[in-house]
Amino acid sequence: MNLASHLTLILSLTASIALTAQEKIAPPVKDDNGVIDNTIDSLNKARTARPVSGSTRKGNNPVLFLVGNSTMRTGTLGNGSNGQWGWGYYLPEYFNADKITVENHALGGMSSRTFYNKLWPDVLKGIKKGDWVIIELGHNDNGPYDSGRARASIPGIGNESLPVVIKETGVRDTVYTYGEYMRKYIRDVKSHDAYPILFSLTPRNAWEDPDSTVISRVNKTYGLWAKQVAQSEGVPFVDLNDITATKYERFGKEKVKTMFYLDRIHTSEFGARINAESAVEGIRGLKDSRLKEYILPSETDSITGSTRKNGYPVLFIIGDSTVKNDDDDEDGMWGWGSVIEEQFDTCRISVENHAIAGRSARTFLDEGRWEKIYRALRPGDFVLIQFGHNDGGDINTGKERGELRGSGNDSKVFKMTSTGINKVVYSYGWYLRKFIMDSKEKGAIPVILSHTPRNKWHGDSIESNVSTFGLWAREVAEKEGVCFIDLNRISGEKLMSEGKEKSAVYFKHDHTHSSLAGARLNAAAISQGLRDSQCPLKNFLKGNTH
């Protein structure tokens with residue numbers, strides 16, 4: 001028998017032995033993700049994108065290593081080029097970079113088995129005494145043992161093992177249980193006098209049933225197994241799945257949709273930030289880990305909502321320079337948000353103008369300004385929302401504040417010229433719905449306004465936005481069942497009643513920004529719109545007692 005025949009016989013016997021062994025091993029978890037992730041085929045490219053292990057270390061400071069899959073680093077590069085982001089990208093924002101660095105070694109498509117075999121040896125080289133390693137794996141531990149992506153681990157935490165021959169390549173491997181892979185990571189980390197922390201998986205946009213308000217957990221499979229291993233090995237465990245899922249249940253199904261992009265597993269920037277925040281909450285709650293000492297203190301906001309009087313609501317106002325401007329010189333530029341308080345009974349409601357010049361709905365959200373208001377909202381509060389003047393500009397060049405046109409749910413990934421970072425930009429209507437959704441979630445009442453008219457005339461008629469932003473704002477308000485005040489129309493009619501020449505007094509420096517008189521005209525127009533509406537905010541206007 002020649003050498004080729006010997007090799008064929010050996011491979012045949014090995015495959016036969018593996019098949020017999022496989023018959024005694026529990027079948028792998030079914031691959032029901034519905035997502036094709038071939039990132040594992042891009043390992044060479046990934047090695048250039050992921051950091052060299054330990055390369056971020058500053059002096060003798062510790063490093064926090066992140067080990068995971070696409071929910072921690074989406075795609076090969078993890079740069080959001082497909083609109084998806086992993087939570088590992090945002091975790092460094094929560095740690096004191098002068099005392100510890102965070103290295104994201106995760107890679108999309110990895111299971112506990114494939115990461116251990118292909119990437120872990122290089123990561124382990126950089127781990128030193130006193131470092132921490134967060135391990136969050138399991139999303140990809142399903143599918144076949146010995147074909148295709150061949151990344152499944154044996155279900156459970158037992159000591160079973162299975163010799164396999166990968167059908168497509170003839171490569172031999174030994175497959176262990178999910179729990180055994182976790183124990184391998186733990187042993188390796190401890191051998192370097194470092195500290196392992198096991199995490200459960202991130203939750204998916206999956207609910208118990210179509211009518212349920214309870215998000216599906218993984219506490220019967222990988223979440224349970226990770227917890228059991230952590231307990232038996234005496235290492236910390238963070239139930240990331242439960243922490244974030246609890247938030248999702250509070251958000252509701254519509255808002256949870258915004259936490260994901262393209263599918264129900266991979267997160268958008270919003271979802272990735274929520275998971276990073278949840279990870280930090282979990283670390284803070286650990287009793288026996290000094291890692292929490294490196295977390296930056298939470299920012300405190302003593303301004304937003306500070307006007308609240310016991311038992312009375314706050315009227316929060318968001319918008320652009322037509323809502324808030326210099327507002328300090330009687331002969332200067334004014335926004336209506338700084339004078340609308342004159343329309344209200346301030347013994348029964350307080351008014352806070354949080355608008356800022358130059359912002360679109362998108363940039364107001366992206367800069368974290370809305371988040372402060374969201375956190376301050378209480379049931380019964382009101383939010384006046386007026387954007388549009390800056391929302392039609394450049395999207396990823398210049399001031400980078402424009403949005404997609406319309407009131408739909410359109411979105412597209414753009415690379416920002418100023419930073420080179422990829423960002424999902426949504427439609428004007430999407431951002432308005434975001435403000436509405438968040439307000440309703442907190443029990444507050446949102447009110448949508450069309451933007452103020454500009455001093456631009458066509459004969460005896462002032463230019464209106466009835467076919468663009470005014471239309472889209474109305475469409476969003478009507479679809480979401482919230483009050484809509486057509487400020488553009490009401491103020492426009494007042495200006496047209498006085499004529500082009502006399503109306504000049506209501507503007508300052510250009511055709512967009514208001515004088516003090518113009519700000520008061522717009523505030524009065526809003527008051528008129530409220531009185532003609534069914535919005536309960538009208539009950540707080542001067543002269544109204546019900």
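The values are calculated or read from the model by the stated rules, or taken from the named source; none is laboratory data. Worth saying up front: this structure is predicted, and the values here are computed from it rather than measured. Counting neighbours? That spans all protein chains shown, and the Cβs are built from the backbone with ideal geometry, glycine included. Please note that ligands, DNA and RNA were not included when accessible areas were found on the heavy atoms of the full protein model with its side chains. Shrake-Rupley method; radii C 1.70, N 1.55, O 1.52, S 1.80 Å.
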Counted residues, region 476-488 - those being touching a Ser or Thr at 6+ places or on another chain (Cβ under 9 Å) and crowded, with 17+ Cβ neighbours inside 10 Å: 8
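Looking only at region 67-102, which residues are assigned to a strand (DSSP E or B), of a type outside the set (A, V, I, L, M) and surrounded by 24 or more Cβ atoms within 10 Å (Cβ to Cβ)? Steps first, please.
We begin by selecting, within region 67-102, every residue assigned to a strand (DSSP E or B); these are 67-68, 95, 101-102.
Applying the additional criterion that residues be of a type outside the set (A, V, I, L, M) yields 68, 95, 101.
Listed by number, the list holds a single entry, Gly68.
Every residue in region 103-128 that is touching a helix residue (DSSP H, G or I) at 6+ places or on another chain (Cβ under 9 Å), open to solvent by 10 Å² or more (accessible area, probe 1.4 Å) and among the basic types (Lys, Arg), please. Don't jump to the end; show me each part of the working.
Initial filter on region 103-128 (touching a helix residue (DSSP H, G or I) at 6+ places or on another chain (Cβ under 9 Å)): 103-116, 118-120, 122-124, 127.
Right, trim to open to solvent by 10 Å² or more (accessible area, probe 1.4 Å) and you get 104, 116, 118, 122, 124.
Scanning region 103-128 gives a single hit, Lys118.
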Scope region 240-257; condition surrounded by 22 or more Cβ atoms within 10 Å (Cβ to Cβ) and over 12 Å from Ile215 (Cβ atoms); matching residues: Leu240
Scope region 280-327; condition within 30 Å of Asn241 (Cα to Cα) and β-branched (Val, Ile, Thr); matching residues: Val280, Ile283, Ile295, Thr300
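Is it true that some residue in region 352-370 is over 30 Å from Glu269 (Cα atoms) and touching a residue at least 60 places away in the same chain (Cβ under 8 Å)?
Keep residues of region 352-370 that are over 30 Å from Glu269 (Cα atoms), which gives none.
No.
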Hits in region 405-419 - residues which are under 17 Å from Gly429 (Cα atoms), without any contact (Cβ under 8 Å) to a residue 60 or more places away in the chain, open to solvent by 40 Å² or more (accessible area, probe 1.4 Å) and part of a loop (DSSP other than H, G, I, E, B): Asn409, Asp410
Of all residues making up region 377-393, the number that are open to solvent by 10 Å² or more (accessible area, probe 1.4 Å) and touching a Ser or Thr at 6+ places or on another chain (Cβ under 9 Å): 4
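Would you mind finding the one in Ile373, Ile385 that is touching a His at 6+ places or on another chain (Cβ under 8 Å) and either of a type in the set (A, V, I, L, M) or in a strand (DSSP E or B) (or both)? Spell out how you get there, then give the answer.
Working: Ile385 fails: touching a His at 6+ places or on another chain (Cβ under 8 Å).
None of the others qualify; the one that does is Ile373.
So, in region 103-154, how many residues would count as being outside any loop (DSSP other than H, G, I, E, B) and either hydroxyl-bearing (Ser, Thr, Tyr) or in contact (Cβ under 8 Å) with a residue 12 or more places away in the chain (or both)?
Step one: filter region 103-154 for residues outside any loop (DSSP other than H, G, I, E, B), giving 103-104, 112-125, 132-136, 142, 154.
Applying the additional criterion that residues be either hydroxyl-bearing (Ser, Thr, Tyr) or in contact (Cβ under 8 Å) with a residue 12 or more places away in the chain (or both) yields 103-104, 112-120, 122-125, 132-136, 142, 154.
Qualifying residue count, region 103-154: 22.
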Candidate set: region 332-355, residues that are out of contact with any Phe, Trp or Tyr (no Cβ under 7 Å at 6 or more places or on another chain), in a loop (DSSP other than H, G, I, E, B) and among the hydrophobic types (A, V, I, L, M, F, W, C); chosen: the one nearest to Ser515 (Cα to Cα): Met333
Conditions (1) at pLDDT 90 or above; (2) within 24 Å of the chain's Cα centre (by Cα); (3) β-branched (Val, Ile, Thr); number of the one not met by Val52: (2)
All positions within region 523-546 that are surrounded by 18 or more Cβ atoms within 10 Å (Cβ to Cβ), under 36 Å from the mean Cα position of the chain (by Cα) and more than 19 Å from Ser350 (Cα to Cα): Gly529
Where a residue in region 424-439 is part of a strand (DSSP E or B) and its partner, wherever it lies, is small (Gly, Ala, Ser), with Cβ under 7 Å and at least six apart: Val424/Gly83; Val424/Ser268; Val424/Ser411; Val425/Ser411; Tyr426/Ser411; Ser427/Gly406; Ser427/Ser407; Ser427/Gly408
Residue satisfying all of: in region 307-325; in contact with a strand residue (DSSP E or B) (Cβ under 8 Å, 6 or more places away or on another chain) and open to solvent by 10 Å² or more (accessible area, probe 1.4 Å); farthest from Leu541 (Cα to Cα) among these: Asn325
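Would it be correct to say that Glu341 is within 21 Å of the chain's Cα centre (by Cα), acidic (Asp, Glu) and farther than 24 Å from Val425 by Cα? So that I can check it myself, show each step before the final result.
On the way: within 21 Å of the chain's Cα centre (by Cα): no; acidic (Asp, Glu): yes; farther than 24 Å from Val425 by Cα: yes.
So Glu341 fails the test.
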Those residues of region 442-471 which are touching a strand residue (DSSP E or B) at 6+ places or on another chain (Cβ under 6 Å), open to solvent by 10 Å² or more (accessible area, probe 1.4 Å) and aliphatic (A, V, I, L, M), in sequence order: Ile445
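Just the residues that are touching a helix residue (DSSP H, G or I) at 6+ places or on another chain (Cβ under 8 Å) and touching a residue at least 60 places away in the same chain (Cβ under 8 Å), please, taken from region 531-543. Steps first, answer last, please.
First, the residues of region 531-543 that are touching a helix residue (DSSP H, G or I) at 6+ places or on another chain (Cβ under 8 Å): 531, 537-538, 541-542.
Leu537, Leu541, Lys542, listed by residue number.
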